[in-house]
1. Working only within the stretch 66-105, note down all residues that are under 17 Å from the mean Cα position of the chain (by Cα), assigned to a loop (DSSP other than H, G, I, E, B) and buried (at least 21 other Cβ atoms within 10 Å of the Cβ).
2. What are the residue pairs meeting all of these: first residue in the stretch 74-91, first residue farther than 10 Å from A152 by Cα and among the charged types (D, E, K, R), second residue surrounded by 22 or more Cβ atoms within 10 Å (Cβ to Cβ) and at pLDDT 70 or above, Cβ atoms under 6 Å, and 6 or more apart or on different chains?
3. Which one of these is assigned to a helix (DSSP H, G or I), at pLDDT 90 or above and within 22 Å of G13 (Cα to Cα): A219, A248?
4. Under 7 Å by Cβ, and 6 or more places apart or on different chains, what pairs join a residue from the stretch 104-132 that is more than 17 Å from L160 (Cβ to Cβ) with one that is modelled with pLDDT under 80 and part of a loop (DSSP other than H, G, I, E, B)?
5. Of all residues in the stretch 40-60, which are surrounded by fewer than 23 Cβ atoms within 10 Å (Cβ to Cβ), outside any loop (DSSP other than H, G, I, E, B) and either touching a residue at least 40 places away in the same chain (Cβ under 8 Å) or on the phi > 0 side of the Ramachandran plot (or both)?
6. For V209, which of the numbered conditions (1) at pLDDT 90 or above; (2) touching a helix residue (DSSP H, G or I) at 6+ places or on another chain (Cβ under 7 Å); (3) among the β-branched types (V, I, T) fails to hold?
7. What do you reckon, is L149 at pLDDT below 90, more than 17 Å from the chain's Cα centre (by Cα) and in a helix (DSSP H, G or I)?
8. Using the structure shown, decide if W63 is at pLDDT 85 or above, part of a helix (DSSP H, G or I), under 19 Å from the mean Cα position of the chain (by Cα) and more than 27 Å from V268 (Cα to Cα).
Amino acid sequence: MPQLTPLHLLALGVIISGIGPILVRESPVGPAATAFWRLAIPLPLALWYARHALRIGLRDMGWAMISGVLLAADLVFWNGAILRTSVMEATVLVMLFPIIVAAGEIGFFRRRLSRNLLLGGAIAFAGTAMIALGAAGGESNLTGDLMALAAAVLFGFSLLISGQLCRRHDPRGVTFWVMFGAACGALPVAMTEAVTLPTHGYDLGYLTVYGLLTFAGYALYNSALSKLPTTLVAVSSYGQPVIATALAVVLLSEIPSLTSLAGGAVVVGGLLIATVMQK
């Protein structure tokens, strides 16, 4: 059986993460509670997965938990943005985070990024905007737009921190501490919502499946982060709306518009330039 390359792991992570937008719409609990449970439920599995890699040093453990808190804040702000502003504006604004990551790698860490990566990322972002435009709905709201932009900034910084940690330590340990910090960060907000606890077996099963997919996605992304530029991992996230759109056709019978289909093709083209055509 051939060994999976970092790009293969990244592609699997994108596919698994693309299921998230479908599941969050039908979640039996509130948005922040959904974020908490999808992070907290798989923690025992994450602990077992990282059982030989937990010791990453007290300082870096703290940084991993900070990355997790930023991730939790990103999820809370993103869920809030979706409830307040148009899907198009929320999607386009939150997907600015790869630009933040690229700026951080170039400006702060002094890393050189290939032209194909930057060009492919720009093309994929344009395709994401087309997908969002094709799914436009709802009214614009400044608060919601600012929340989506905040989510982009928060996730960008979280990814930059995780990328640095995964290069220095076993990504299995980093995954656990990031998820633990994220669950702790989401809990206070989740407790303020009207529906926080799953009340039926189906609800718990639903959140368990969501949590397992969340863990698998983060584990794959962090494995890729240990070998690939953080910007490349960030740019790959543009594939998530394509996966979500395809799943919505099969699971929800939602037929995408021609604009969204064209946008999906543009995203795929951009990702091919950013990944396969890397020099």
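1. Result: M95, single match.
2. R84/G144
3. Testing whether each residue is assigned to a helix (DSSP H, G or I), at pLDDT 90 or above and within 22 Å of G13 (Cα to Cα) leaves just A219.
4. Pairs found: S114/Q278; S114/K279; N116/M277; N116/Q278; N116/K279.
5. If the condition is that a residue be surrounded by fewer than 23 Cβ atoms within 10 Å (Cβ to Cβ), outside any loop (DSSP other than H, G, I, E, B) and either touching a residue at least 40 places away in the same chain (Cβ under 8 Å) or on the phi > 0 side of the Ramachandran plot (or both), then A40, L43, L45, L47, Y49, D60 are the ones that fit.
6. All conditions pass for V209, except number (2).
7. no
8. Criteria met by W63.
The values are calculated or read from the model by the stated rules, or taken from the named source; none is laboratory data. Bear in mind that the values here come from a model prediction, so they are computed numbers and not experimental data. When we count neighbours, we look across all protein chains shown, and the Cβ atoms used for this are built from the backbone with ideal geometry, even at glycine.
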